[in-house]
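Chemist: The structure is given below, and queries will be raised subsequently.
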Amino acid sequence: MRAEHEAEAGTGAEAGPVPGGPDAAPGPAAGAEGTAAVPSAPAAAAPAAAAAGGPAAGPEAAKSRRFPSITQDTARPEGHGRAAPGDALAARQWPMLSVLAATAVGLLLTALGHPRVGCLVIGVALISASVLRRVLPSVGMLAVRSRFTDMVTYGLLGVAITLIALVIEPKPVLHLPFLESAVRFTVR
């Protein structure tokens with residue numbers, strides 16, 4: 001890395017053999033009888049790379065070890081447009097749309113004064129997202145990470161929200177004795 005910066009700045013302390021020079025090894029730059037060949041334009045344009053010990057000429061001289069500014073050859077996500085024609089875009093996203101619709105209904109119920117029912121709907125929506133991620137081969141934008149990670153995340157969040165809905169005061173449906181002692185301990 002340091003040699004690349006020195007080569008770009010032209011301050012390389014370690015100058016390697018000059019291609020076609022007296023201490024250059026015979027190779028692709030040498031002629032048939034062992035005499036030095038006339039350097040081509042690309043080889044003459046890369047003396048800094050050759051001075052830093054980099055490749056002398058040819059296609060290797062044009063390659064850089066730096067990361068490209070535009071990412072190439074990456075895996076496309078499951079919801080990408082090539083999986084189905086353009087008119088089937090919304091049809092591919094039905095798992096995500098159904099989970100979002102159920103969550104919106106849960107939030108609306110919570111806002112209208114029914115927090116237990118709203119939280120139950122949201123929890124069931126997340127549990128169903130986990131089941132959909134496991135059962136369906138292609139779930140569109142519901143796929144965020146690996147299948148296992150999505151299933152565990154959706155499932156745990158759904159179960160946690162459902163349990164919260166069941167222990168909401170007043171008149172909790174589920175009585176957990178350790179929660180009462182935890183609340184008393186923290187509220188003191």
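The values are calculated or read from the model by the stated rules, or taken from the named source; none is laboratory data. These figures come from a predicted structure and were not determined experimentally. Note that we place each Cβ from the backbone using ideal geometry, even for glycine, and neighbour counts take in every protein chain shown. With ligands, DNA and RNA removed, areas are computed over all heavy atoms of the protein, side chains included. Shrake-Rupley method; radii C 1.70, N 1.55, O 1.52, S 1.80 Å.
Chemist: Go through the range 155-188 and count every residue that is under 15 Å from VAL124 (Cβ atoms) and touching a His at 6+ places or on another chain (Cβ under 9 Å).
Modeler: 0
Chemist: Which of the residues spanning the range 100-127 are open to solvent by 50 Å² or more (accessible area, probe 1.4 Å), under 19 Å from VAL159 (Cβ atoms) and small (Gly, Ala, Ser)?
Modeler: Once the filter is applied, which keeps residues that are open to solvent by 50 Å² or more (accessible area, probe 1.4 Å), under 19 Å from VAL159 (Cβ atoms) and small (Gly, Ala, Ser), the range 100-127 yields nothing.
Chemist: What are the pairs, 6+ residues apart or on separate chains, where a residue within the range 167-179 that is closer than 15 Å to CYS119 by Cα has its Cβ under 7 Å from a residue that is modelled with pLDDT of 80 or more and charged (D, E, K, R)?
Modeler: ILE168/ARG116
Chemist: Additional query: Quick one: ALA143 ticks every box in (1) on the phi > 0 side of the Ramachandran plot; (2) buried (at least 16 other Cβ atoms within 10 Å of the Cβ) bar one, so which box is it?
Modeler: Looking at each condition in turn, ALA143 falls short on (1).
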